[in-house]
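K.L.:
Structure in C-alpha cells, see below.
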C-alpha cells in the first residue's frame, strides 16, 4: 500500500466519522423520562383528535370517573374499553429515543403544527393542557411525536396514527338497533312507493296483507329486510336535537316492527330521513333511542326504494 493510499483511506475514515457525528441521534439533554411528565392516564378528562384531512372528534370523561362520551354528539356514550388503553399509552410515551432537535425536521417527520398525521389536544383534571403531534410511522408499532412548543421529536412506542382515528365509529358501540330477528312478528314499511304490511302466522311464516289473486310473497325478502334492520349500525351519532336538515318531518321511509315479548307486544319504529350529499349517509331515528344518527346508504337504500313487486315471487317469463 502506497503512502498516498494510506492518506486517502485516512481521509475517508475521517469523513465517515464526521457524518456519524453530525447525523447520529443524540440523547436528550435531560435524563429520559415520560414525555408528558405531569400527565397520568387517570387524570385525562378530555381528548380531541384531529387528523390530516381536517376531521376531528372530542372524547370527554364524565364526572363519575370512568364513563366517557362524545360531547359534540349530545354526550353519546363512548366505549371506555377503546379509550382507556390509548390514554395509558399516551401517558407512557418516553423521551429515551430522541430523533431530531430542529424545527426544520418537523414537516419531514409530519409533526409540524400545519403538517401532521394526528393532532391530540389533551386536558387534565388538574388544569394541565398539552398538545401532541403524531407523525410518520417508525416500523409498524411506533411513530414520531412532538409536544407543541418544543423542537425535540421522539419515537413513541405502541402509539400510531391509525390507533387514533377521528371518526366517531372508532370510539363507540356502532350498533344502533339491537333486535332479535326471531322476536319480530310484524313488519310494516311505508315509502314513496306505498305501504307494505307483513305478519307471521301461527307457524312463524311471513304473510303479506292485500295479496292479489296470483301473487305470491317471497318470504326471503321480508326476512332479509328484518335481519338488516335488527343489526342496523350507525356511522356517527348526531345528538338528541332534531334538525330540519335531517328530513324526518316527512321520512323517505318509515318502518314499524312489532316484537313479541311477555303478555303484550312491543312496537318499535324507525324513521329514515334524507340522504346527506356530502357522504351519502342517511339520518335515521329509532323510537327506542333518544339519539339521531347517520347510517350508511347501503343499509337503508332498499327501504327507501323498495316497491311492492320487490317482495313478491317473480313469475317466470313465458317462452314464446
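Computed from the coordinates by the stated procedures, all read-outs in this text should not be read as laboratory data. These figures come from a predicted structure and were not determined experimentally. So basically every Cβ, Gly included, is an ideal-geometry build from the backbone, and we count neighbours across all protein chains shown.
K.L.:
Any idea how far the Cα center of the range 242-304 sits from the one of the range 110-140, in Å?
P.N.:
Going from one Cα centre to the other spans 37 Å.
K.L.:
For 116, 187, what's the fewest-to-most ordering of other Cβ within 10 Å of each Cβ?
P.N.:
187, 116
K.L.:
Can you compute the modelled spin-label distance between residue 108 and residue 218, with each label point 7 Å from Cα toward Cβ, in nm?
P.N.:
6.1
K.L.:
Calculated FRET efficiency, residue 38 and residue 169, Cβ-Cβ r, R0 30 Å, to nearest 0.05?
P.N.:
It comes to 0.40.
K.L.:
Which of 208, 234 has the fewest other C-beta atoms within 10 Å, and how do the rest follow up to the most?
P.N.:
208, 234
K.L.:
Most exposed first by the Cβ proxy, i.e. fewest other Cβ within 10 Å, how do 88, 252, 81 rank?
P.N.:
With the fewest neighbours first, 88, 252, 81 line up as 81, 88, 252.
K.L.:
Between the range 209-229 and the range 178-198, what's the alpha-carbon centroid distance in Å?
P.N.:
10
K.L.:
What is the ratio of the Cα radius of gyration of the range 181-311 to 2.2 N^0.38 Å, with N the residue count, to two decimals?
P.N.:
With N residues counted in the range 181-311, Rg over 2.2 N^0.38 Å equals 1.08.
K.L.:
When the helices in the chain are scored as -39500 (n - 2.57) per DSSP H run of 4 or longer and the sum is shared across all residues, what 222 nm value do you end up with, to the nearest 500 deg cm²/dmol?
P.N.:
Rounded to the nearest 500, it is -5500 deg cm²/dmol.
K.L.:
If you take the square roots of the eigenvalues of the alpha-carbon gyration tensor of the range 178-220 and sort them as a ≥ b ≥ c, do you get rounded (a/c under 1.5), prolate (a/b over b/c) or oblate?
P.N.:
Cα axes put the range 178-220 in the oblate bin.
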